[in-house]
Amino acid sequence: MLIFKQNRYIALLVGVILVCFSAISLLQPEQVAEGKMDRVQMDKLQSTSRASVLSLLQDESKSSITSSITRGITRGITEVTQANKLNNTFSLLSSAWKPAKGVEWLSVKKLKQKNTKNTSNVSIIRVKADVVQSKPAAQKASQLAETATKSSQATAKTVSASQKHPLTTLYFSRTELLSQEQQSKATRRYAVSEEELLLLQKIVMAEAEGEPYKGKVAVANVVLNRLRSANFPDTIYKVIYQKSQFSPVANGRLNRVKPNDDSIKAVNAALSGVKEVPDNTYFFLSLKLAQDLTVHHTQTYVKTIGNHTFYK
């Protein structure tokens, strides 16, 4: 008794062992009956206080089991309570948190587009600033551009009108054929008759029938350049019929041809001031057909159009 009173943990240990054996006997009574488990030899505990020891052991075991069960229930209730609190907290947080609307993921393409937009805005701002800073210069440039455009439009209208209705009055300076707008600078005027207009169209047709349109205009330019120059005759008729100058005159082709539409348009364009060769161009020949190459060896080359080579 003194041992059990001083060392209560021994009594507890014995009580636990008895509870385990009793539980096993309840769960598996057949195995206990058949002798598969060892019996507890209680005969060793022979003393005068056997009943008291047993009662003490039963009381101690009952109290320990009751306290352990109570602790387990209390711990389970505590854990359930804590779990419920955590669930409630999580539900409150999940209900309170809401994702921000309008949020979108940025890709590389979108970033590039945004950067492009920003750079375009910066360039627009810079351009606007430059325009504001150079406003007077820009106004002058725009005025000059408008003037040039108007003059070019007027020239184009004059050329198109003259191509349908050829000019009958030519204006010359000492070095060039002038346009109608430059007549104030002219040092000489020349009135073109109907016979000379037809003769000019026929010589273009006879010399450049198979040549491109620019080649036809260049032939008419050569005739008018000679008309302007002091080194050649002073009328279209005399320039064309000057001896040994144009082969169609010598072989009679000039009298046989009838001007086509391209030849007529080319002559009208040359009379209105269109120039495919410079004003100092006075000669041309076909290197494939020409028998006399004196011009080729003595004059300065200007350009080649089609089969004709032009010289000054």
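No lab work stands behind these numbers, since they all come straight from the coordinates. Owing to the predicted nature of the structure, the values given are computational and were not obtained by experimental measurement. Because the Cβ atoms are built from the backbone with ideal geometry, glycine has one as well, and the counts that use them run over all protein chains shown.
Residues in the stretch 224-238 that are part of a helix (DSSP H, G or I), over 60 Å from the mean Cα position of the chain (by Cα) and not aromatic (Phe, Trp, Tyr): Lys238 only. Annotation: of all residues in the stretch 253-312 being acidic (Asp, Glu) and in a helix (DSSP H, G or I), the one that is surrounded by the most Cβ atoms within 10 Å (Cβ to Cβ) is Asp262.
The numbered conditions (1) touching a residue at least 40 places away in the same chain (Cβ under 8 Å); (2) surrounded by fewer than 17 Cβ atoms within 10 Å (Cβ to Cβ); (3) more than 27 Å from Thr187 (Cα to Cα) are all true for Phe232 except (3).
Let's see how each residue does on (1) touching a residue at least 60 places away in the same chain (Cβ under 8 Å); (2) touching a strand residue (DSSP E or B) at 6+ places or on another chain (Cβ under 7 Å); (3) exposed (fewer than 14 other Cβ atoms within 10 Å of the Cβ):
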| position | (1), (2), (3) |
| --- | --- |
| Glu196 | no, no, no |
| Leu200 | yes, no, no |
| Leu224 | no, yes, no |
| Ser247 | no, no, no |
